[in-house]
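Trainee: Supplied in structure tokens, the structure appears directly below.
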Amino acid sequence: MDAKQIRADFIKFFQDKDHRFIRSSPVVPVDDPTLLFTNAGMNQFKPIFMGTNKPEYSRAVNTQKCIRVSGKHNDLEEVGVDTFHHTFFEMLGNWSFGDYYKAEAIQWAWELFTDVWGLDKNRLWATVYHEDDEAFDLWPKVTGIDPARVLKCDKKDNFWEMGETGPCGPCSEIHYYIGDDPSKQTADGVNVSDQYWELWNLVFIQNNRLEDGSLEELPEKHVDTGAGLERIVTVLQGKTSNYESDLFSTIISKTEELTGKSYIDNAAPFQVIADHIRMLSFSIADGALPSNDGRGYVLRRIDRKSGSAG
């Protein structure tokens, strides 16, 4: 199954559940001075979450181009260190704007992973915010997951915020064990070991973070989910590195051809080059150019970093 088919499967699954397909917004945020780059699928829906815009639809699905190189969500230094963080990635997402909430979001995520894509249930774990007893109780009730595989975690891992201010709320993450021996799984490894990959984050948007750090309740409760296409493709293709999936293989093969070097012998610099080429290409295509200030300066630094890799 290639990446194109996996992306299409996701969109069709939610279209069949009455979600409207919404195109990705540019990686350069539109009318949002709080962000240098679009860093999550929910960015374009922020006015809906804030209650300032009324949507024409109550359910949506899309795949969003995301860049995380600055601010609260910054994965730049992880590129080349591990095999699953990127400066640019695609975020598969489904949303409910004041419509369905936690039960449906959890049930459908499990259905897509296990029934449609056939992921091994014995390798899946779920985490919830430690104060979210509702989600904690719903997981075994609506999915049949072993209750021992539903874990309560703190704010750092299970309370999602787009930035220093704005819509936010408790979240529930789905993790997948990629190790060779499933019998070696332990709860202590989730959110700690790189053998457990976070594949999907189900965010329950119910709060707004104010400038003084306090939280206020939003007028309506919403669902905002994000599943990293790169990681899902890697798992479904039976790989343990995103760079071995068909999303990166063409870039890496061309780099081998141009440099006369082997990816196997030079994995880290090949990964940096492949990641940064994708990020810079999508940035430039959406109108952000390397320069001496702001987001342009960030792009310029990354351009130089990719040029010196290896």
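The values are calculated or read from the model by the stated rules, or taken from the named source; none is laboratory data. This one's a predicted model, so the numbers in the text were calculated from it and none came from an experiment. A quick note on method: Cβ atoms are made from the backbone with ideal geometry, for glycine too, and the neighbour counts reach across all protein chains shown. We work out accessible area using only protein heavy atoms, side chains counted, and drop any ligands, DNA or RNA first. Shrake-Rupley method; radii C 1.70, N 1.55, O 1.52, S 1.80 Å.
Trainee: From the protein chains alone at 1.4 Å, what is the descending order of accessible area for SER245, SER24, largest first?
Mentor: The most accessible residue leads, giving SER24, SER245.
Trainee: Decide, for the stretch 8-82, between rounded, prolate and oblate: order the square roots of the alpha carbon gyration tensor eigenvalues as a ≥ b ≥ c, take rounded if a/c falls under 1.5, and otherwise choose prolate if a/b is larger than b/c, else oblate. Please report the intermediate quantities before stating the final value.
Mentor: On the way: a/c = 2.93, a/b = 1.38, b/c = 2.12.
Cα axes put the stretch 8-82 in the oblate bin.
Trainee: Put a dot 7 Å past each Cα toward the Cβ at ASP137 and ARG300; how far apart are the dots in nm?
Mentor: In this crude label model, ARG300 to ASP137 measures out at 5.7 nm.
Trainee: Ordering PHE159, PHE204 by how much accessible area each has at a 1.4 Å probe, largest first, what is the list?
Mentor: On the way: PHE159 30, PHE204 0 Å².
Reading off the accessible areas and sorting them downward yields PHE159, PHE204.
Trainee: In addition: Please state the equivalent ellipsoid semi-axes for the stretch 110-168: what are the square roots of 5 times the Cα gyration tensor eigenvalues, largest first, in whole Å?
Mentor: Working: eigenvalues 118, 41, 20 Å².
Each semi-axis is √(5λ); the values are 24, 14, 10 Å.
Trainee: Can you give the calculated 222 nm mean residue ellipticity of the chain, where each DSSP H run of n ≥ 4 adds -39,500 (n - 2.57) and the sum is split over every residue, rounded to the nearest 500 deg cm²/dmol? Please report the intermediate quantities before stating the final value.
Mentor: Details: 9 runs with 96 residues, N = 310.
-9500 deg cm²/dmol, from helical runs alone.
Trainee: Please give the per residue accessible area of the chain, computed with a probe of 1.4 Å over protein heavy atoms only, in Å².
Mentor: Counting only protein heavy atoms, the per-residue value for the chain is 45 Å².
Trainee: With a 1.4 Å probe and every protein chain left in place, tell me how much accessible area PHE97 has, in Å² to the nearest 10.
Mentor: PHE97 has an accessible surface of roughly 10 Å² with all protein chains in place.
Trainee: Highest mean first, how do 266-274, 166-174 rank when packing is the count of other Cβ atoms within 10 Å averaged over residues?
Mentor: Final packing ranking: 166-174, 266-274.
Trainee: At 1.4 Å probe size, what's the solvent-accessible area of CYS66? Round to the nearest 10 Å².
Mentor: So the heavy atoms of CYS66 present about 0 Å² to solvent.
Trainee: What does the extension gain come out to for VAL28 and ASP188, with contour length at 0.36 nm per residue minus their alpha carbon separation?
Mentor: The span from VAL28 to ASP188 would gain 53.8 nm if fully extended.
Trainee: Report, by chain and number, residues whose modeled amide H sits under 5 Å from the one on THR225, excluding near sequence neighbours (fewer than 5 apart, same chain).
Mentor: ASN94, VAL203
Trainee: Let me know the volume per residue of the alpha-carbon convex hull for the chain, in Å³.
Mentor: Given the Cα convex hull of the chain, per-residue volume reads 133 Å³.
Trainee: Using only the Cα atoms of the stretch 1-144, build the gyration tensor, take square roots of its eigenvalues as a ≥ b ≥ c, and label the shape rounded, prolate or oblate: rounded if a/c is under 1.5, else prolate if a/b is larger than b/c, else oblate.
Mentor: It is rounded, given that a/c, with a ≥ b ≥ c, falls under 1.5.
Trainee: Given points 7 Å out from each Cα along the Cα-Cβ axis, report the GLU220 to ASP246 separation in nanometres with one decimal.
Mentor: Distance between label points: 3.8 nm.
Trainee: Using a Förster distance of 51 angstrom, determine the FRET efficiency expected from the C-beta separation of LEU289 and ASN266, and round it to 0.05.
Mentor: For LEU289 and ASN266, the calculated efficiency is 0.95.
Trainee: Would you list which lysines come within 25 Å of LYS141, measuring only between C-alpha atoms, while excluding same-chain residues fewer than 8 positions from it?
Mentor: LYS17, LYS102, LYS121, LYS152, LYS155, LYS221
Trainee: Continuing with the same structure: Leaving ligands, DNA and RNA out of it, report the carbon-plus-sulfur percent of the accessible area of the chain at a 1.4 Å probe. Can you show the working numbers first?
Mentor: Values: 6550 of 14080 Å².
In the chain, the share of accessible area belonging to carbon and sulfur is 46 percent.
Trainee: So for each of 217-226, 283-292 I average, over its residues, the number of other beta carbons within 10 Å; can you give me the resulting order with the highest mean first?
Mentor: Result, highest mean Cβ count within 10 Å first: 217-226, 283-292.
Trainee: Based only on the alpha carbon positions, what is the Kirkwood hydrodynamic radius of the stretch 174-310, in angstrom?
Mentor: 18.3 Å
Trainee: Turning to a different aspect of this structure: Based on DSSP H assignment, which helices of the chain show an axial Cα extent of at least 20 Å together with a mean Kyte-Doolittle hydropathy greater than or equal to 0.0?
Mentor: In the chain, the long hydrophobic H runs are 267-285.
Trainee: Which one of GLY144, LEU202, THR127 is farthest out on the positive end of the charge dipole of the stretch 118-208, using unit charges on Cβ (Lys, Arg +1; Asp, Glu -1) and the Cα centre as origin?
Mentor: Checking the options against the dipole of the stretch 118-208, the answer is GLY144.
Trainee: Dipole magnitude of the chain about its Cα centre, charges +1 at Lys/Arg Cβ and -1 at Asp/Glu Cβ only, in debye to the nearest 20? Show your work: numbers first, answer last.
Mentor: Details: 33 positive and 49 negative charges, 161 e Å.
Charge dipole, the chain, about its Cα centre: 780 debye, nearest 20.
Trainee: Not counting ligands, DNA or RNA, and with a 1.4 Å probe, what is ARG301's accessible surface area in Å² rounded to the nearest 10?
Mentor: 120 Å²
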